[in-house]
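Written out below as structure tokens is the structure these notes cover.
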Amino acid sequence: MTDEWVRRARGRQVPGSARSPLGGRVVAVTGAGRGIGRAVADILAGAGALVALGDLDGASARTAAQEICRAGGQAAGFALDVTDTASFAAFLDRAEERLGPVDVLVNNAGIMWVGPFAEEAEQTAVRQFDVNVHGVLRGMKLAVPRMRARGSGHIVNIASAASKVTLMGEATYAATKHAVLGYSSAVRAELRGSGVRVSLVMPGVVDTELAIGTSAGATRRLTPQDVARTVLGVVLRPRPEVFVPRHIALVPWVCALLPARARAGWLRLVVPDQLAALTDPSVRAAYERDSGTATQTGGAAPRTRERTERTDR
């Protein structure tokens, strides 16, 4: 059933029904106004889920939800700032008021700055940790107690291949994704036997604004729909960790077997150097401005909308 529905979802939305695999289940998706989050909302609604879309750009979340409804799905869009506890709690409350208790939370929102580590402003690094790490932790701390009280639920964290493989030029981003991996693993162990599952989806480079100007290296550049199909598969058949594409899992596996010198050579061969790839940093200016990661001379990074079209590595 799982494989059949993932195949049916390729390239088009599947009308939901009571007989659909996710029929009646409520799914909340963060950073869902565009990119990967929007693709995840589309495919899960197509499989019968009732989807709550959250985004810092509330208008984009509401527009996306309206389009899903016009296509035959059931969805509602809300404003959501994942860096604010009250906002996240209100998002879950409104989702439950409109659609019912949240069965699945997809933590998708995330941002990235690319460049030499020594040139990254402090507020830019802090901003990435606020969104990429604390946004995920906040969602889990708010959603898991509700799920645990009911004896069932599922957290799906959209992390990155950077959770286990590091790229030059993305030091802080990689650090945030390592943090999400560690936190997800620890919480999963705590929740064993509770009926609440924790899954981690780790994509390579995805064709979204977050990855503009970067290289996909030895693997092909993914589409948001590639990641969304994997999320559908994970929701239908929960697994602890999934790489997209699956063969990326070979990189850390081989690294663990090699001595240090050979390991460095292997990584140079298969992992892109984003410092070399980003020949014109200005191509990322608009994304950095909108995501609040633009380097500044002082003060806090602006609280602008999170361009959460995940291009996770």
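When segment 182-227 is filtered for residues that are under 22 Å from Q128 (Cβ atoms), in contact (Cβ under 8 Å) with a residue 60 or more places away in the chain and in a helix (DSSP H, G or I), the ones remaining, listed by number, are E209, L210, A211, P224, V227.
In segment 180-227, which residue that is within 14 Å of the chain's Cα centre (by Cα) and of a type in the set (G, A, S) is modelled with the lowest pLDDT? If we take residues in segment 180-227 being within 14 Å of the chain's Cα centre (by Cα) and of a type in the set (G, A, S), then A211 is modelled with the lowest pLDDT.
The residues listed here are P238, P259; of these, the one that is under 18 Å from K164 (Cα atoms), surrounded by fewer than 18 Cβ atoms within 10 Å (Cβ to Cβ) and not polar (S, T, N, Q) is P259.
The single residue among V234, V283, V242, V251 that is among the β-branched types (V, I, T) and at pLDDT below 85 turns out to be V251. Listed by first and then second residue, the pairs linking a residue in segment 272-287 that is within 12 Å of A211 (Cα to Cα) to a residue that is at pLDDT 90 or above and assigned to a helix (DSSP H, G or I), with Cβ atoms under 8 Å apart and 6 or more places separating them unless they lie on different chains, are L278/R284.
With respect to R239, is the statement that it is in a loop (DSSP other than H, G, I, E, B) and closer than 23 Å to L191 by Cα true? So R239 fits the description; yes.
One residue stands out in segment 262-276 among those that are assigned to a helix (DSSP H, G or I) and not aliphatic (A, V, I, L, M): the one that is most open to solvent (accessible area, probe 1.4 Å), namely R268.
If you go through segment 175-196 and pick out every residue that is small (G, A, S) and within 30 Å of Q123 (Cα to Cα), you end up with 6. Within segment 1-34, the set of residues being open to solvent by less than 10 Å² (accessible area, probe 1.4 Å), at pLDDT 85 or above and not small (G, A, S) comprises L22, V26, V27, V29, T30. Please find, within segment 134-167, the residue that is modelled with the lowest pLDDT out of those that are among the polar types (S, T, N, Q) and over 16 Å from N107 (Cα atoms). Among them, the one singled out is T166. Those residues that are open to solvent by 40 Å² or more (accessible area, probe 1.4 Å) and either more than 27 Å from T124 (Cβ to Cβ) or in a helix (DSSP H, G or I) (or both), I need them from segment 152-174; list them, please. Answer for segment 152-174, where residues must be open to solvent by 40 Å² or more (accessible area, probe 1.4 Å) and either more than 27 Å from T124 (Cβ to Cβ) or in a helix (DSSP H, G or I) (or both): S152, A171. Output the number of residues of segment 175-199 satisfying the condition of being surrounded by fewer than 18 Cβ atoms within 10 Å (Cβ to Cβ) and of a type in the set (K, R). Selection size over segment 175-199: 2. Please determine whether any residue of segment 103-117 is touching a residue at least 24 places away in the same chain (Cβ under 8 Å), surrounded by fewer than 18 Cβ atoms within 10 Å (Cβ to Cβ) and within 30 Å of S215 (Cα to Cα). Among the residues of segment 103-117, at least one is touching a residue at least 24 places away in the same chain (Cβ under 8 Å), surrounded by fewer than 18 Cβ atoms within 10 Å (Cβ to Cβ) and within 30 Å of S215 (Cα to Cα), which makes the answer yes.
The values are calculated or read from the model by the stated rules, or taken from the named source; none is laboratory data. Keep in mind the model is a prediction, meaning the values are calculated, not measured. Cβ: placed from backbone, ideal geometry, glycine included. Neighbour counts: every protein chain shown. Accessible surface areas use protein heavy atoms only, side chains included; no ligands, DNA or RNA. Shrake-Rupley method; radii C 1.70, N 1.55, O 1.52, S 1.80 Å.
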